[in-house]
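Input: a single structure, listed below in structure tokens.
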Amino acid sequence: MSSEAIVENNKTNLESNDEGSLATNVVDNEDTQGTEECTTPNVVSKRQMKKLLKQKQWEDQRDLRKQKRKEKRQKRKLERQAQQEQLVDSNSRKRIRREIQPSTIRLVIDCSFDHLMALRDIKKLNKQIRRCYAENRRATHPSQLYLTSHGGQLKSNMDEYDKGWLNWKDIHIKPEHFKDLMKAEDLVYLTSDSPNVLSELDETKAYIIGGLVDHNHHKGITYKQALDLGISHAQLPLSSFVKMNSRKVLAVNHVFEIMLAFLEKRNWKEAFFCVLPQRKGAVPLNENGNTPADPSPDQEDEEELHSDSSLEENDPTTEDINPENEKS
């Protein structure tokens with residue numbers, strides 16, 4: 001190889017080495033810049049900021065959540081205690097119920113008027129009978145409850161809408177008429193048309209309540225039945241203690257409840273006013289037979305005198321017969 005070729009070859013090697021070192025320097029510079037960029041702090045985004053705030057709120061409310069859980073546990077504990085107390089009360093009421101001595105009085109609901117009532121009235125009678133049964137079960141002195149002449153529309157309605165009547169307790173449900181079940185001398189028919197007023201209850205008697213919802217279409221029918229059967233009859237002493245805006249005829253369950261209330265209270269006035277509905281407009285009567293709002297007899301006479309004198313002053317007929325007018 002000649003000297004010129006050797007020189008040329010060395011020059012080529014030097015140029016390639018310079019280019020490699022230059023490229024290496026460029027890569028090193030880029031790596032250095034990347035490292036510097038990575039070491040700079042990152043900027044927090046809005047989404048990350050929201051997450052951080054929620055996390056902080058969750059931590060701050062930790063004690064509050066703990067308190068709420070404690071309150072819920074306390075509330076559930078109180079509810080369980082209340083339920084246990086109610087259970088104890090119900091059991092105690094059942095024990096008291098067993099200690100009650102039933103009355104020997106028989107209260108009979110006469111259902112022999114089935115053919116006189118429309119179906120809507122039969123349904124009302126069914127509700128009233130259910131009310132009588134329920135009140136007798138809760139009464140302090142329950143009576144001997146009878147349901148006589150049970151059949152027809154009433155029985156069909158009870159079979160259809162109230163099949164539970166087959167399991168009723170402390171009640172005598174009979175298809176026979178009451179006159180075939182009891183002695184005639186023991187029967188007293190309660191009717192508002194009777195001239196006799198009931199003052200006391202005889203424990204040996206059977207008091208009959210007419211099972212009729214007729215809206216006053218059959219006036220006096222229960223009184224007539226009592227006369228036809230030749231049995232005793234009476235009305236409750238309502239007029240002696242109560243003044244009502246409506247008629248004195250009461251529903252079956254109202255009469256029944258009044259009888260039960262009298263057995264407990266032995267006071268007719270208290271029995272009436274703890275049973276009579278407000279729509280009847282019942283007002284108690286005082287010893288003179290007047291309501292507290294009624295004027296006394298002297299006041300009535302004075303008011304009548306004033307009204308008569310004012311009528312004379314303003315009446316045109318009195319002016320026509322004035323003597324002075326006659327002279328003129």
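The table below lists the values:
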item: Verdict on Tyr223 being in contact (Cβ under 8 Å) with a residue 24 or more places away in the chain and farther than 18 Å from Val108 by Cβ; result: no
item: Output for segment 151-194, where each listed residue is of a type in the set (D, E, K, R), under 31 Å from the mean Cα position of the chain (by Cα) and open to solvent by 40 Å² or more (accessible area, probe 1.4 Å); result: Lys155, Asp159, Glu160, Lys163, Lys169, Asp170
item: Counted residues, segment 154-181 - those being outside any helix (DSSP H, G or I), touching a residue at least 40 places away in the same chain (Cβ under 8 Å) and touching a helix residue (DSSP H, G or I) at 6+ places or on another chain (Cβ under 7 Å); result: 1
item: Enumeration of residues in segment 250-263 that are out of contact with any Asp or Glu (no Cβ under 9 Å at 6 or more places or on another chain) and either farther than 12 Å from His141 by Cα or open to solvent by 20 Å² or more (accessible area, probe 1.4 Å) (or both); result: Leu250, Ala251, Val252, His254, Val255, Ile258
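The values are calculated or read from the model by the stated rules, or taken from the named source; none is laboratory data. The model shown is predicted, which means the values in this text are computed figures rather than measured ones. Glycine gets a Cβ as well: all are built from the backbone with ideal geometry, and neighbour counts include every protein chain shown. For accessibility, only protein heavy atoms count, side chains too; no ligands or nucleic acids. Shrake-Rupley method; radii C 1.70, N 1.55, O 1.52, S 1.80 Å.
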